[in-house]
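As structure tokens, the structure follows; a few thoughts come after it.
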Amino acid sequence: MTFWAPSGIGGSLRRETHYGDRTMLCFADRPPTLAAMVDDLVTKFGDRPAIVDEDATLTYRELDDLVRRIAASLAGLGVTAGDRVALFLGNCREFVACALACNRIGALLVPIGTRQRKAELDFLLGNSGAKVLVFEAELAAEIPEAVDVPTLTHRFAAHGEADGARSFDDLLTAAPADAPVVAMHEDDTAVILYTSGTTGKPKGAELTHLSILHSAYAFARAHELTERDRGLVAVPLSHVTGLVGVTYATLAAGGCVVLMRQAFKTADFLALASREKITWSILVPAIYTLAAMHPEFDRYDLSAWRIGCFGGAPMPVPTIEMLTKRLPQLQLRNAYGATETTSPTTIMPQAHWRDHMDSVGQPIPYAQVRVVDADDREVAPGEPGELLIAGPMVVPRYWQREDANAREFVGGYWRSGDIGSIDADGFVRVFDRKKDMINRGGFKIFSAEVENVICGIDGVLETAIIGTPDPVLGERVNAIVVTNGDARLSERDVAAYCAARMSDYKVPESIIIRSEPLPRNANGKIQKTVLRETIAERAASYARA
């Protein structure tokens, strides 16, 4: 069984060889580069809306004019193919235009999340060797000094002025006709997107024209996107989901990208989605929960919203039930991917999601997913092991990290570090990160399984399961549960709910209930090291009592 339409954007699949010796299935009908894709879109949909940013709407023709001006200006500064251009911007049209301008001249885009701080920028700019930086003027205090990043020779401030930087408007003075024509190959790197760096320094995944096009086409085809669709970007454009999963995917279909520029607030999100008649998006489950529980939800017109894709955490059953009742036309679809897979590896077939709510879907047809044990031997269907992933969406390498390349890319596959399984029908389940799997007295516990159960409790927004050392059992199970603040939920209630639904050794022994959201890094991943400190502090306070 498969969700894949027999025809659509990208055409049929054929076997090809890329990145030297990787053999993979690829779309037969695709543009050679991202710039070629945009040229085709301008020809087909020139007068249709491409970007909505606050109160401004740009057509494809107007966006192309902006892109070509920036491309010509960057070339005039001496930026050539292979040079790195960093963006320290929020969700705005300037970000999208700069990204497409880099795609046009062969420069490598380096997106940096606006939650990063000076020391982090120092590393990212230095490691990438960025030549140009475009940044939010209000974040000027976080920009490293020139002496600390000697390669950074050009700085431009957007949405205001900043000392030592030229105005972003200076990038718009060149004539569109002066944009250079640069020969590129689809295997060339287009974006260096840094991983979250939960252990050690972040690694720069090299997203190529090939990988971005395939990921954009995969989402567009799976969700049957057309030029009539309007995709809402409510997650950062500096994240693979915002940049590739929503923006490039919506553009690939000739649709309109709606940017949520301000910091997330539920009422603002609902108002924007209603006003702009958005038809699809990819969001974390917590946003769906916050939206469904908003007291004024029913006053917003969300009747155009037909695809609600999600990933990164389980969707609470009460949220599903509320959205199904209030928005019967909304199709909820789980997906799984990573920066290294340029976003999607699996997508849930709409016809089957209610029967496989613990699954992240089936591999997209050109994706190859193996499940292996500690000795790299494939395990039986349904058995857990590490997920190894291959296909045209998998990046060829990390930027200047030969150690990580040798360790994480083996035989054409990327080692995900995720523990999961694939059943006989091809449905993939993701249980845990290898390093986060809990071993309690010899029993293996996958945090995702316990989190799935707890998220079924009414009033729970999100939860995290953390293992902590124990001298007798090896590790103990701890839960931090975030509620909506109105839920009258006790630690005993959570433990009893879990005990009725899972083996006793999986039931959390320590439970913290709070309304404060879980801490996340710049890429939106839960910072379990911070939560371990929270648990340790609580244990210490009990010891002192």
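Some notes on this structure:
- Taking the fewest neighbouring Cβ atoms within 10 Å as the starting point, the ordered list for 194, 398 is 398, 194.
- Extension reserve of the residue 527-residue 306 stretch, reckoned as 0.36 nm per residue once the Cα distance is removed: 76.4 nm
- Listed residue pairs exceeding 29 Å between alpha carbons, taken from 444/528; 435/506; 203/434; 118/277; 265/528: 118/277
- Across the chain, the relative contact order, built from alpha-carbon pairs under 8 Å that are at least six residues apart, equals 11 percent.
- Arranged from fewest to most other beta-carbon atoms within 10 Å of their beta carbon, 102, 309 become 309, 102.
- Each peptide among 454-464, 241-251 gets the average number of other Cβ atoms lying within 10 Å of its residues, and from highest to lowest they stand as 241-251, 454-464.
- Relative contact order (%) - criterion: Cα under 8 Å, at least six apart; region: the stretch 438-544: 25
- Placing a label point 7 Å from the Cα of residue 7 along the Cα-to-Cβ line, the residues of the stretch 236-275 whose backbone N sits under 19 Å from it are 253.
- Within the same chain, aspartates and glutamates fewer than 8 places from residue 131 are excluded, and of the rest, those with a Cα less than 16 Å from its Cα are 83, 122, 145, 148.
- Here is the tail figure for the chain: Cα pairs spaced more than 30 Å apart come to 50 percent of all pairs.
- Burial ranking of peptide ranges 494-502, 312-320, 231-239 (average Cβ count within 10 Å, highest at the top): 231-239, 312-320, 494-502
- Cβ-derived FRET efficiency at R0 45 Å, residue 373 paired with residue 137, nearest 0.05: 0.30
- Prolate/oblate/rounded call for the stretch 438-544, Cα gyration tensor, a/c under 1.5 rounded: rounded
- Point-charge dipole on Cβ atoms (K/R +1, D/E -1) for the chain, about Cα centre, debye to 20: 500
- When the chain is described by a simple charge dipole with +1 on each Lys and Arg Cβ and -1 on each Asp and Glu Cβ, the residue from 72, 237, 385 located farthest towards its positive end is 385.
Bear in mind that the values in this text are calculations on the coordinates, not laboratory data. Note that the structure is predicted; figures quoted are calculated from it, not measured. In this analysis, Cβ positions are derived from the backbone assuming ideal geometry, glycine residues included, and neighbour counts consider all displayed protein chains.
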